[in-house]
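Engineer: What follows is a structure written as C-alpha cells; I'll ask about it next.
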Amino acid sequence: MAATNDQEAAVRIASGRKAFVEPLRLGERLKEIRLANRWTLGDVSTRTGLARSTLSKIENDQISPTFAAVQKLIVGLGIDLPQLLTPTKPQRQSRGRRDRTALGDGKLHPTPTYEHELLSCQLAQKRMIPFKTIVRARHFGEFQEWIRHDGEEFLMVLEGDILLYSEFYEPLAMSAGDSLYFDSDMGHALVSTSDQDAVVLSVCTPGDGY
C-alpha cells in the first residue's frame, strides 16, 4: 500500500533526526487516546512493546518518539497515522448565557404587512434570531416584493391560519400548531386567512432580516 502524504512526511522528519511532529503535541494526543480507552501506561506498553518509562516521557513531552516508535503506537493501538497526528481540540466551555423575554417585552418592529416582536434582544452574537410575528397582511398583493434573507428559518403558527407563499412552491395553508423549515433566501410571504390576525413564531439564522 502506498504511503500517505502524512507517512511520507513522518519518514522525512525521522530520517532527519528532527522532533517528530512536535508542534502537534503528540504526547498530549497519545495521552488523550489512552485515557479515552481507559488504558493504563502498562496496557499501552503491553500493546505496543514500548517501555512504560518511554511512554510516560512521550506523554509529558520529555522526548520525541522516533518513527519506529510511532509505528509501534499505530499498530499496537489499532489506529492510523492521521488519528495520532490530529491535534487535540480544546473542550468548549459553555458561557451559560440566557435571556428571558417576558410577555410583551420584546422589541417591536412593525411593517406594513407584519408586526414583529424581536425576542432575546439582550444577547449579542446570537447564532439564531427568534421573533414573534402578528401577520397583518390579508392578500399577497400587499407585498411590493418577495421577502428573502440569508440563511434558514423555522416557522410555527401559534394562533390562527396563514397562507405561505413561496417562490418555488404553490401557496401552503397552515394552521395553529403547524410548522415549517425552509431556506429563507427563497422568496416568501405570509398572509392571514383566519378572522383574527395569525400569530407566528419564527427562528432564523442571522442575516439581513426582514
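The values are calculated or read from the model by the stated rules, or taken from the named source; none is laboratory data. Small disclaimer: the values here were computed from a predicted structure and weren't measured. In this analysis, Cβ positions are derived from the backbone assuming ideal geometry, glycine residues included, and neighbour counts consider all displayed protein chains. With ligands, DNA and RNA removed, areas are computed over all heavy atoms of the protein, side chains included. Shrake-Rupley method; radii C 1.70, N 1.55, O 1.52, S 1.80 Å.
Engineer: Among the numbered criteria (1) without any contact (Cβ under 8 Å) to a residue 24 or more places away in the chain; (2) in contact with a Lys or Arg (Cβ under 8 Å, 6 or more places away or on another chain), which single criterion is violated by GLN125?
Structural biologist: (2)
Engineer: Among the residues of segment 185-199 satisfying the criterion of being of a type in the set (A, V, I, L, M, F, W, C) and touching a Leu at 6+ places or on another chain (Cβ under 6 Å), which is surrounded by the fewest Cβ atoms within 10 Å (Cβ to Cβ)?
Structural biologist: Within segment 185-199, the match that is surrounded by the fewest Cβ atoms within 10 Å (Cβ to Cβ) is VAL199.
Engineer: Pairs needed: first member in segment 176-187, under 12 Å from MET156 (Cβ atoms); second member anywhere, β-branched (Val, Ile, Thr); C-beta distance under 6 Å; at least 6 residues apart or different chains.
Structural biologist: Sorted first by the residue in segment 176-187, then by its partner, the pairs are ALA176/VAL157; ASP178/VAL157.
Results for (1) modelled with pLDDT under 90; (2) in a helix (DSSP H, G or I); (3) surrounded by fewer than 17 Cβ atoms within 10 Å (Cβ to Cβ), shown as yes or no for each residue.
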site	(1), (2), (3)
PRO65	yes, no, no
LEU73	no, yes, no
ILE79	yes, no, yes
PRO82	yes, yes, yes
GLN93	yes, no, yes
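Engineer: Return a yes/no flag: does segment 169-184 have any residue that is modelled with pLDDT under 95 and open to solvent by less than 30 Å² (accessible area, probe 1.4 Å).
Structural biologist: yes
Engineer: Just give me the residues in segment 41-63 being under 15 Å from LYS31 (Cβ atoms), open to solvent by 50 Å² or more (accessible area, probe 1.4 Å), assigned to a loop (DSSP other than H, G, I, E, B) and of a type outside the set (Asp, Glu), in sequence order.
Structural biologist: ASN60, GLN62, ILE63
Engineer: Which of (1) free of Cβ contacts under 8 Å to residues at least 40 places away in the same chain; (2) surrounded by fewer than 16 Cβ atoms within 10 Å (Cβ to Cβ); (3) in contact with a strand residue (DSSP E or B) (Cβ under 8 Å, 6 or more places away or on another chain); (4) among the charged types (D, E, K, R) is the odd one out, the single condition ARG138 does not satisfy?
Structural biologist: (1)
Engineer: Moving on to the next point. Would you mind finding the one in LEU155, LEU163 that is within 16 Å of HIS116 (Cβ to Cβ), open to solvent by less than 70 Å² (accessible area, probe 1.4 Å), part of a strand (DSSP E or B) and of a type in the set (A, V, I, L, M)?
Structural biologist: When all the criteria are applied, what remains is LEU155.
Engineer: Which residue is most open to solvent (accessible area, probe 1.4 Å), if the candidates are limited to segment 100-114 and must be in contact (Cβ under 8 Å) with a residue 24 or more places away in the chain and either more than 20 Å from LEU172 (Cα to Cα) or assigned to a strand (DSSP E or B) (or both)?
Structural biologist: PRO112
Engineer: Another question, if that's okay. Select from segment 156-210 the residues that are over 28 Å from the mean Cα position of the chain (by Cα) and of a type in the set (S, T, N, Q) and list them in ascending order.
Structural biologist: Within segment 156-210, SER175, SER192, THR193, SER194, GLN196 meet the criteria.
Engineer: Determine whether segment 119-127 contains at least one residue that is assigned to a loop (DSSP other than H, G, I, E, B), basic (Lys, Arg) and within 27 Å of the chain's Cα centre (by Cα).
Structural biologist: Within segment 119-127 (the criterion being assigned to a loop (DSSP other than H, G, I, E, B), basic (Lys, Arg) and within 27 Å of the chain's Cα centre (by Cα)), the answer is yes, since at least one residue qualifies.
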